[in-house]
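The values are calculated or read from the model by the stated rules, or taken from the named source; none is laboratory data. What you see is a predicted model, and the numbers here were worked out from it, not measured in a lab. Reconstructed Cβ throughout: ideal geometry from the backbone, glycine too, with neighbour counts over all protein chains shown.
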Amino acid sequence: MADNKEKLYGYTVGNNFFKDKIQALAFHKSNSIDKINLYFLDDQWKDVCWNIEPKESMHELMDIRCKQLRDSYKHISLLFSGGYDSTTILNTFIRNNLTINELIIWKREWLPDDIQEFSYAYEVGKHLKKNIWPNIKLTVYTKTVQDMITYYKKYGKKWIENSGNRLGLDKNVRDFEFETKKELWGLHEKKDHVVIEGRDKPRLDFVDNKWYSTMHDIVLTDCMNNSAEHFYFSADFPELHVKQCYLMIRWLEKNFQCTHEMIHRLQSGLMEKSFYEQWNLAIGRDSITHHDSKYGIHKKIWTGGMQSYDNKMLENALKSISPETIRIWENGINEIKHFFTKFSPEAAVISPQKYIRDYIPQNSN
């Protein structure tokens with residue numbers, strides 16, 4: 001497995017590498033994100049042949065990935081939400097008769113259990129323990145409203161310097177949790193222990209009737225500062241990511257009148273909610289039953305979390321018990337706007353395009 005997890009995803013300004021967008025902008029003394037570059041496994045994937053589709057099926061590639069992980073680590077923990085990504089990983093381990101040692105189920109106190117999939121995910125865990133893996137450990141990690149209050153009181157408006165690129169009020173993201181609570185996750189035993197995270201779907205560009213693979217930093221926000229092993233895009237197994245790009249392209253060509261604007265809307269979660277399910281199934285994710293996960297109702301991957309359902313619910317919870325926390329958060333946002341007058345939280349930094357193939361019209365399929 002890749003030894004250096006410190007430089008997989010981030011920002012570059014010349015030869016300088018950063019894991020924080022604001023730090024990269026400050027170093028460049030620039031107002032514009034056009035002056036910084038997104039690093040997405042650039043060195044690790046520099047020899048990938050993007051214009052050749054892997055011959056294996058998605059199932060076969062996921063089987064290989066699971067075996068690769070099981071052979072590399074003594075203890076495997078899976079961050080499990082019950083959504084498409086983590087459910088497919090779980091099912092693949094089961095299909096291959098490979099053991100997962102621990103499910104880590106994330107809970108946010110300010111969200112109803114059904115919205116955050118917690119109750120459903122925990123029921124799945126209990127079923128596994130009863131019927132498949134009696135020794136599996138079920139770890140529930142709860143992020144509380146008081147945790148958020150403590151965080152903002154500690155840092156004041158300088159919280160922005162520890163934002164991990166997430167500008168939303170809800171600082172429940174795993175980047176600083178991984179790094180500040182290594183023993184909780186078992187990551188102080190890195191050689192023997194891995195925490196697998198199910199990120200994420202491919203991102204495509206469609207320009208002049210040509211398909212390109214790319215990545216958006218908004219998608220990578222929760223990856224840049226944590227020590228998890230990301231199942232679907234790995235330094236050790238690019239074929240899995242490349243295959244998904246081809247599957248996604250064929251689905252888009254078959255079902256849509258493809259334009260650059262349409263592709264952008266779909267990938268930003270701004271289109272009809274049923275497309276979220278279709279997208280997942282098309283690229284090889286397993287079908288799921290939990291309603292909110294199925295349609296991605298509360299999943300907003302834009303504006304750095306600032307307009308997510310999660311963010312709004314935390315704001316509502318804080319209004320009565322700690323309005324000062326909200327003011328501290330707003331002060332940090334305003335400070336960014338003051339120093340970087342042309343910077344917009346909604347704007348994504350996009351990695352260099354990798355040409356895949358030309359567009360094939362539907363009547364040519």
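Some values worked out for this structure:
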{"item": "Strands (runs of 3 or more DSSP E) completely within region 188-275 that count 1 or more residues being touching a residue at least 24 places away in the same chain (Cβ under 8 Å) and under 21 Å from LYS354 (Cβ atoms)", "result": "203-207, 210-214"}
{"item": "Top-ranked residue of region 54-75 - restricted to ones that are part of a helix (DSSP H, G or I) and free of Cβ contacts under 8 Å to residues at least 24 places away in the same chain, ranked as surrounded by the most Cβ atoms within 10 Å (Cβ to Cβ)", "result": "GLU60"}
{"item": "Extreme residue, surrounded by the fewest Cβ atoms within 10 Å (Cβ to Cβ), among residues of region 341-365 that are modelled with pLDDT of 75 or more and among the hydrophobic types (A, V, I, L, M, F, W, C)", "result": "ILE360"}
{"item": "Positions within region 26-62 being under 23 Å from the mean Cα position of the chain (by Cα) and on the phi > 0 side of the Ramachandran plot, in sequence order", "result": "LEU41"}
{"item": "Filter result for LYS129 (free of Cβ contacts under 8 Å to residues at least 24 places away in the same chain, in contact with a strand residue (DSSP E or B) (Cβ under 7 Å, 6 or more places away or on another chain) and within 17 Å of LEU78 (Cβ to Cβ))", "result": "yes"}
{"item": "Exclusive hit being in contact with a Leu (Cβ under 8 Å, 6 or more places away or on another chain) and outside any helix (DSSP H, G or I), set LEU103, LEU167, LEU98, LEU128", "result": "LEU103"}
{"item": "Residues being crowded, with 18+ Cβ neighbours inside 10 Å, part of a helix (DSSP H, G or I) and at pLDDT below 65 - total across region 295-327", "result": "3"}
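To keep it simple, each residue is scored yes or no on (1) assigned to a helix (DSSP H, G or I); (2) touching a Leu at 6+ places or on another chain (Cβ under 8 Å); (3) among the β-branched types (Val, Ile, Thr).
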| site | (1), (2), (3) |
| --- | --- |
| LEU38 | no, yes, no |
| LYS46 | no, no, no |
| ILE52 | no, no, yes |
| SER77 | no, yes, no |
| ASP85 | yes, no, no |
